[in-house]
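Trainee: One structure follows; several queries about it will come next.
The values are calculated or read from the model by the stated rules, or taken from the named source; none is laboratory data. These numbers were taken from a predicted model, which means no experiment stands behind them. Positions of Cβ are generated from backbone atoms using ideal geometry, with glycine treated the same way; all protein chains shown enter the neighbour counts. In case anyone asks, the SASA skips ligands and DNA or RNA and just uses the protein heavy atoms, side chains included. Shrake-Rupley method; radii C 1.70, N 1.55, O 1.52, S 1.80 Å.
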Amino acid sequence: MAESASITFLRSEGRRADQLRPVRFQNHIAPHAAGSTLVEWGSTRVICGVTIEESVPRWMKEQGVTGGWITAEYSMLPYSTLTRKPRDSSKGKVDGRSVEIQRLIGRAMRSALDLEKLGARTICVDCDVLQADGGTRTAAITGAFVALRLALKKLIAEGKLAADPIANSVAAVSVGIVNGIPLLDLCYTEDAAAQVDMNLVMTGSGEFIELQGTGEESTFSDDQLAAMLTLGRVGIRELLALQEAAVGK
Ligand code: UDP
């Protein structure tokens, strides 16, 4: 009784503990990109754009590594946050958080692809946060996979790629513990109040690509971890279905 009362109090729009915010994809918003989507996830909005270059990084040539490469960049637009976030270019240094997030996106996308089947080309995934309300990295990964699929579909349709190099579908979601209650998909106010904050990146076959979990001035037990993973799996399953519908359109 006390638990459900505090969930209702905590969650806006009466969201259940295991309920995602509404997620939708608006594809092809950047016509010069090979694939693009605007992922709207509650009040978090991220533009994901994919461009493809017909060459590979120098280190691959030097080390005789065959196949292709995929890399990612992440940035928050200055007006995406409540107080203006200066651009990295005006500060003269790249924000450490952005570097951490773009590496995470890159690793997630590399797990999605068979790089050998991609051939000697480089895919760049750019994720730019238009509006931040928690979960921007999970929205970026989930949207990046949609933009990647759209770009590959285009390559195949143009006859440049014989076989689809997608090896795994990939989605990401946050989970956490707020006021002692495990919750799926934290918005900013929940994230700020969370004792535990975790990001899950998973494949369509239900395997983990990455788990980022931290106690904020707190710790968590095996049982709480299990509860968060159960919630995370629920969210990932829904996200994979939404991505599939978005790409199939
Ligand atoms: N945030 C912000 N300014 C920043 C970093 C974060 O306003 O420089 C907010 C934003 O709403 C973000 C949230 O804090 O979504 C949580 O940030 P976190 O680093 O946990 O990453 P995210 O949850 O977005 O992946």
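Trainee: Every residue in the stretch 57-84 that is of a type in the set (Asp, Glu) and touching a strand residue (DSSP E or B) at 6+ places or on another chain (Cβ under 7 Å), please.
Mentor: Correct list: Glu73 only.
Trainee: Additional query: Report, by residue number, each residue of the stretch 59-88 that is more than 16 Å from the ligand (Cβ to nearest atom) and in contact (Cβ under 8 Å) with a residue 12 or more places away in the chain. If you could, list the steps in order and put the result at the bottom.
Mentor: Filtering the stretch 59-88 for residues more than 16 Å from the ligand (Cβ to nearest atom) gives 59-71.
Once the filter is applied, which keeps residues that are more than 16 Å from the ligand (Cβ to nearest atom) and in contact (Cβ under 8 Å) with a residue 12 or more places away in the chain, the stretch 59-88 yields Thr66, Gly67, Gly68, Trp69, Ile70, Thr71.
Trainee: Collect the residues in the stretch 202-227 that are more than 19 Å from Ala132 (Cβ to Cβ) and touching a residue at least 60 places away in the same chain (Cβ under 8 Å), keeping them in residue-number order.
Mentor: Hits for the stretch 202-227 are Thr203, Ile209, Glu210.
Trainee: A follow-up question, please. Please go through the stretch 167-209 and pick out each residue that is over 16 Å from Gly14 (Cα atoms), surrounded by 24 or more Cβ atoms within 10 Å (Cβ to Cβ) and either near the ligand (Cβ under 10 Å from one of its atoms) or at pLDDT below 95 (or both).
Mentor: Ala172, Ser174, Gly176
Trainee: Any idea which residue in the stretch 89-132 is nearest to the chain's Cα centre (by Cα), counting only those that are open to solvent by less than 40 Å² (accessible area, probe 1.4 Å) and within 12 Å of the ligand (Cβ to nearest atom)?
Mentor: Ile105
Trainee: Moving on. So, of the residues in the stretch 210-238 that are on the phi < 0 side of the Ramachandran plot and of a type in the set (Asp, Glu), which turns out to be nearest to the ligand (Cβ to nearest atom)?
Mentor: Going through the stretch 210-238, the residues on the phi < 0 side of the Ramachandran plot turn out to be 210-216, 218-238.
After this cut, where a residue has to be of a type in the set (Asp, Glu) as well, the list is 210, 216, 222-223, 238.
Values: Glu210: 13, Glu216: 10, Asp222: 24, Asp223: 24, Glu238: 18 Å.
Checking each candidate, the answer is Glu216.
Trainee: Of the numbered conditions (1) open to solvent by 10 Å² or more (accessible area, probe 1.4 Å); (2) over 25 Å from Phe25 (Cα atoms), Ala157 fails exactly one; give the number of that condition.
Mentor: Exception for Ala157: condition (2).
Trainee: Give the residues of the stretch 147-166 that are charged (D, E, K, R) and outside any helix (DSSP H, G or I), sorted by residue number.
Mentor: Correct list: Glu158, Lys160, Asp164.
Trainee: Turning to a different aspect of this structure: Of all residues in the stretch 210-249 being among the β-branched types (Val, Ile, Thr) and closer than 18 Å to Gln19 by Cα, which is least open to solvent (accessible area, probe 1.4 Å)?
Mentor: Residue satisfying both the conditions and the ranking: Ile236.
Trainee: Consider Val56 carefully, then state whether it is within 11 Å of the ligand (Cβ to nearest atom) and not charged (D, E, K, R).
Mentor: No.
Trainee: Against the conditions (1) of a type outside the set (Asp, Glu); (2) under 27 Å from Leu148 (Cα atoms); (3) in contact with a strand residue (DSSP E or B) (Cβ under 7 Å, 6 or more places away or on another chain); (4) assigned to a loop (DSSP other than H, G, I, E, B), where does Ser218 fall short? Just the number, please.
Mentor: Single failed check for Ser218: (2).
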